[in-house]
Amino acid sequence: MNLKKISPLAWILFLSILTLLGAFLSIGIGAVFIDPAVILHYFTGGNVENSGFIIGNFRLPRIVMCLLVGTGLGISGAILQGVVRNPLASPDVIGITKGAGLSAAAVIILFPELPVIGLPIAAFFGAGLVTVGLYLFAFRKGVQPATLALVGIALGAICQAGIQFLTIKFPIETNAALVWLTGSVWGKDWGDVWLLAPWILIVTPITFALAPKLDVLSLGDDVAEGLGEPVQKARLLLLIIAVLLAGSSVAIVGTLGFVGLIAPHIARQLVGNRHAYLLPASALVGILLLLLADDLGRGLFPPTEVPAGIFTAIIGAPYFLFLLRKLQKS
Amino acid sequence: MKKQWTAFFMLLFVLFLAACGNANDEQTVEDEGDKNQESEETRVIKHEMGETEISGTPEKVVALEFSFVDNLASLGVSPVGIADDNDKERIIEPIREEIEDYTSVGTRKQPSLEVISSLQPDLIIADMQRHKDIYDQLSEIAPTIILPSLAADYEGIIDSFQTVSKAMGMEDKGEEVLAEHQQKMEELRAQVPEDEDRTVLPAVVADSGYYAHNMESYTGSLLESIGLKNAIQSGDDRYNKINLEQLVEFNPDVLFHMSAGDETVVTEWENNSLYQDISAVKNDEVHEVDRNMWSRFRGLISSEKILEDAVQYLYEEQK
């Protein structure tokens, strides 16, 4: 494929520029359209009255949120696909987001009086609990990638059943939970950004340092073992990191699907399998997907806000089917 | 290896640039704060999320639930923005007549904060269940009060109305309206005979199921307040999805159906002899009512209209 002829670094540069451009353009999009000239004026410290209020209070936090969550989910997906050595692996498939979803839905529905901060804590706790479950059920003196995926799917299914139960048992309260369950950056403010930023900004650099380990792991256990890599330890460490990234992201914005699954795939098409390139590229593609989804959600039917999760699914699902067909052929 | 770190730094750079946008913003917020401080008389309104200071008479009010539109209309105030789910038809006739043109701020589930802020309101009234997560952001736009609506029963609705009239600085007018409302309720109550022993059941009938409103629900508690006993006195939930067998078990004597769509579960049940055996069906006491009015609005005007409807269906038809 001639896409591969372009060097990975050039692709990453291109994606970075695209991301910055996308983020800038996104500032203007929404129920109230803001002219790029006004945006520039705002950033140079000019007074643009209400547009400034909209940019500073609504658009920027959402866009920064997209950057953080896109990074978190994109990298988490890339790591999981490397660890599990299965292109279908992602935070959704392995049950992490479902665990967060169940515990968030339970909190929204059963404890409506809880302060707002309780929700992300509960969601993160849910994601962690599923991971502990994964560990208990899948790790017996080490773990096989396939076992990990299957246990993840099973745990995810249990959580999904719990969510379904809650939605059927409490049809009215579910209304409020649904927004969260589809995943949306709507209504996120700087407080939420500061809650998520440390996780993503601290964990992401660690993942880049671990990129060579991922390369070795993806060669298969035997080869990795032969190369002197303590396979099981590395796998556990990477798994925890993937959970931290996805769990913290999902805790804030809700169970946004498909980004963690699709972003690494698109990135792989562009920059190949070396994780040192794949991880940043996955992050950038994740960001772009999310920015696009949120722009559509905000700008398509104003003043109606469509959750970004709906658009990531609309964009993600067909691409995934296309990908599956392609994998079948090769 | 060097090259690989370049890639990583590029990503960091992107994130860093984004963070820069941040610094600008703080000032903007403070500027806005100063503007609001010039005030004549301030009052502190207690609500679900704390206390909010409101000064003067708010002129531009945004209502994020229908019940607050009803409250405002009762006070003779026309909101500038309403979360009407993008469907003006959802505002029931008697209220649409009362209020002037307004701007839709999107869905109640996810109202557009941007549109709300562009209306530059002086007061925002939002629902506890749907909007508590965005309370901080709403408060930055304008003084915001959060009241129960979605999860409230009839008494809660009355409490909300009193809070709204306080927030509007119209306590006297509020008392007046409430007294009128209570008198009207008395009149309606008088039309229900003392020995009324039929049980009623309001329910939303949709494609996805039959949602019964029990005695604690808004509509249920409202009907109970004039002496119409709800068929479901138990149950921990105000709104229950029940099946045909449960409905037969409760065996209500009167059914008020708020239909969502033409094809509902009841369309299917009608062919079932079990359904035909329900007291209400046998006695031809199944009444189709307007869902917007009966369930979505939850206010003073709509409460009166619901009871007028109910009394009409129950007592005037036979005459």
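The values are calculated or read from the model by the stated rules, or taken from the named source; none is laboratory data. Only a predicted model underlies this, so the values are computations on that prediction, with no experimental measurement involved. Positions of Cβ are generated from backbone atoms using ideal geometry, with glycine treated the same way; all protein chains shown enter the neighbour counts.
What to note about this one:
- Within region B:143-152, restricting attention to residues that are in contact with a Ser or Thr (Cβ under 8 Å, 6 or more places away or on another chain) and either farther than 18 Å from A:Asn50 by Cα or β-branched (Val, Ile, Thr) (or both), the residue that is nearest to the other protein chains (Cβ to nearest Cβ) is B:Pro148.
- Boolean, B:Val248 is over 21 Å from B:Ser149 (Cβ atoms) and in the same structural domain as B:Ser208 (by TED's automatic domain parsing): yes
- Some residue of region A:153-163 being in a loop (DSSP other than H, G, I, E, B) and free of Cβ contacts under 8 Å to residues at least 60 places away in the same chain: no
- Failed item, numbered, when A:Ala78 is tested on (1) over 17 Å from A:Ala281 (Cβ atoms); (2) under 24 Å from the mean Cα position of the chain (by Cα): (1)
- Qualifying residue in region A:264-282 (condition: in a helix (DSSP H, G or I), within 30 Å of A:Asp35 (Cβ to Cβ) and among the hydrophobic types (A, V, I, L, M, F, W, C)): no
- Applying the condition of being over 16 Å from the mean Cα position of the chain (by Cα) and not small (Gly, Ala, Ser) to region B:95-113 and asking which residue is nearest to A:Thr304 (Cα to Cα) yields B:Leu113.
- Taking region A:23-89 and the helices (runs of 4 or more DSSP H) fully enclosed by it, the elements with 3 or more residues that are small (Gly, Ala, Ser) are at A:60-84.
- Residue within region A:96-115 that is in a helix (DSSP H, G or I) and within 11 Å of chain B (Cβ to nearest Cβ) present: yes
- So A:Ala23, is it at pLDDT 80 or above, surrounded by fewer than 23 Cβ atoms within 10 Å (Cβ to Cβ) and farther than 25 Å from A:Gly286 by Cα: no
Here's the yes/no breakdown for (1) at pLDDT 85 or above; (2) not assigned by TED's automatic domain parsing to the domain that holds B:Met168:
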residue	(1), (2)
B:Cys20	no, yes
B:Gln27	no, yes
B:Val62	yes, no
B:Val69	yes, no
B:Leu72	yes, no
B:Leu75	yes, no
B:Gly81	yes, no
B:Pro94	no, no
B:Arg108	yes, no
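- Selection status of A:Ser16, hydroxyl-bearing (Ser, Thr, Tyr), buried (at least 20 other Cβ atoms within 10 Å of the Cβ) and farther than 30 Å from A:Asn273 by Cβ: no
- Per-region count, region B:133-185, residues of a type in the set (S, T, N, Q) and not in a helix (DSSP H, G or I): 2
- Those residues of region A:292-307 which are away from chain B (no Cβ under 11 Å) and within 26 Å of A:Ser16 (Cβ to Cβ), in sequence order: A:Leu292, A:Ala293, A:Asp294, A:Asp295, A:Leu296
- Count of residues meeting criterion [in a loop (DSSP other than H, G, I, E, B), at the interface with chain A (Cβ under 7 Å from one of its Cβ atoms) and either on the phi > 0 side of the Ramachandran plot or not charged (D, E, K, R) (or both)] in region B:100-114: 4
- Counting only helices (runs of 4 or more DSSP H) wholly contained in region B:186-293, the ones carrying 2 or more residues that are closer than 27 Å to A:Asn175 by Cβ and more than 23 Å from the chain's Cα centre (by Cα) occupy B:244-250, B:265-269.
- Screening A:Gly74, A:Gly70, A:Gly95, A:Gly28 for residues that are more than 17 Å from A:Leu196 (Cα to Cα) and surrounded by 24 or more Cβ atoms within 10 Å (Cβ to Cβ) leaves exactly one candidate, A:Gly95.
- Yes/no for A:Pro120 being within 12 Å of chain B (Cβ to nearest Cβ), modelled with pLDDT of 85 or more and either in contact with a Leu (Cβ under 8 Å, 6 or more places away or on another chain) or part of a helix (DSSP H, G or I) (or both): yes
- Per-region count, region B:52-88, residues of a type in the set (A, V, I, L, M, F, W, C), more than 10 Å from the chain's Cα centre (by Cα) and part of a loop (DSSP other than H, G, I, E, B): 4
- Within the set A:Ile29, A:Ile12, A:Ile17, A:Ile54, the sole residue that is touching a residue at least 24 places away in the same chain (Cβ under 8 Å), more than 8 Å from chain B (Cβ to nearest Cβ) and either of a type in the set (A, V, I, L, M) or touching a strand residue (DSSP E or B) at 6+ places or on another chain (Cβ under 8 Å) (or both) turns out to be A:Ile29.
- In the set B:Glu140, B:Glu155, only one residue is surrounded by fewer than 24 Cβ atoms within 10 Å (Cβ to Cβ) and more than 7 Å from chain A (Cβ to nearest Cβ); that residue is B:Glu155.
- Put simply, of A:Ala224, A:Ala197, A:Ala176 the only residue that is over 24 Å from A:Ala105 (Cβ atoms), facing another protein chain (nearest Cβ under 9 Å) and not basic (Lys, Arg) is A:Ala197.
- Residue match in region A:270-277 (condition: more than 30 Å from A:Leu219 (Cβ to Cβ) and of a type outside the set (Phe, Trp, Tyr)): no
- Of all the criteria given as (1) under 27 Å from A:Leu102 (Cα atoms); (2) more than 10 Å from chain B (Cβ to nearest Cβ); (3) assigned to a helix (DSSP H, G or I); (4) out of contact with any Ser or Thr (no Cβ under 8 Å at 6 or more places or on another chain), the one not satisfied by A:Asp192 is (2).
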